[in-house]
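Every number here is computed from the coordinates shown, using simple stated rules; none is lab data. All of these numbers come straight from a predicted model, not from anything done at the bench. As a convention, Cβ positions derive from the backbone with ideal geometry for all residues, glycine included, and neighbour counts pool all protein chains shown.
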Amino acid sequence: MTRYIERPSPNFDARTRPIDLVVLHYTGMQDAETALARLTDPAPVAGRYPGPWQSEDAPADAPLPTVSAHYVVDEQGEIYSLVPEEHRAWHAGASSWEGEGDINARAIGVEIVNGGHEFGLPDFPDAQIEAVIRLLRNIFARWPELGPKRVVGHSDVAPARKVDPGERFPWKKLADAGVAIWPAPLDTPPDSDDPISEVQQHLAIIGYGVKQSGFMDAETKMALIAFQRRFRGSDVSGAIDDETRCLLAALARQFA
Ligand SMILES: [Zn+2]
């Protein structure tokens, strides 16, 4: 039995399409309370949320984007419910997946409390990850169209802007629990004399927003970095190496 702590946010509107994705984030703020305050604040201003994401001389009354998520999971494994799943929460921003934008319209957003890159990329405690797994199982039970393949990171749907939940997020643990995907890599890269086109095809099959340009454009580079951040966190350079090609080809097979 999963317990939810009600912490209602007024920041939502109507969905314009059915739910078919879950987007995982890290909060990237100093602590859970600050993140909860921001995600439930109908008119956030800079002075209320000081941090490395804004310049120190930002006017205290400078408006910040109004944001929210359906759930927040703190480090102790408490799950806060902010916005009912039926409504559109505001967490993904400009984003795309499988060739479609407005990820918020179709996604359930889960914010995982973690300081992120701005605060030294701390580990995610086991209790927190166990709660994320429980939450995802509950979500899947409510929405039969959701499952392991429908869970993505914010950086997957907005590779040029976002790096969360970050390369320390334990996607493999989620996959082992049956709530996310993980590739069993091939032993050798695909037999191809055009690795860039190969990589672009595989990224697009999985859902990443890349065009089949045949050259290493900025979009492809950022999507490749997002892929590495998620599946090969030890090296997120965006280079096309054999390990990345093996992982990418293996994962694309799961989606073909
Ligand atoms: Zn995010």
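Listing for the model above:
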read-out: Calculated from backbone phi, Karplus (6.51, -1.76, 1.60) coupling profile of the range 128-136 in Hz, x at Gly/Pro; value: 5, 5, 4, 5, 4, 5, 4, 4, 5
read-out: Of all DSSP beta bridges in the chain, antiparallel share, percent nearest 5; value: 35 percent
read-out: Loop-located trypsin sites (Lys or Arg not before Pro) in the range 207-254, at most 13 other Cβ atoms within 10 Å (DSSP); value: Lys211
read-out: Net charge of Cβ neighbours under 15 Å - reference Phe231; Lys, Arg +1; Asp, Glu -1; value: +2
read-out: For Ser95, distant residues with modelled amide H under 5 Å away; value: Asp102, Ile103
read-out: Residues whose placed amide H lies under 5 Å from that of Ala160, excluding near-sequence neighbours; value: none
read-out: Eligible lysines near Lys173 by straight Cα distance, threshold 19 Å, same-chain separation 8 or greater; value: Lys149
read-out: Coil-residue trypsin sites (Lys or Arg not before Pro) of the range 1-64, DSSP, other Cβ within 10 Å capped at 16; value: Arg3
read-out: GNM flexibility winner over the chain from Glu111, Glu219, Glu33 (Cα, springs under 10 Å); value: Glu33
read-out: Under 5 Å, built H, 5+ apart or other chain: amide partners of Ile108; value: Leu21, Val22, Val23
read-out: Likely footprinting exposure, Tyr49, Tyr4, Tyr208, fewest C-beta neighbours within 10 Å first; value: Tyr4, Tyr49, Tyr208
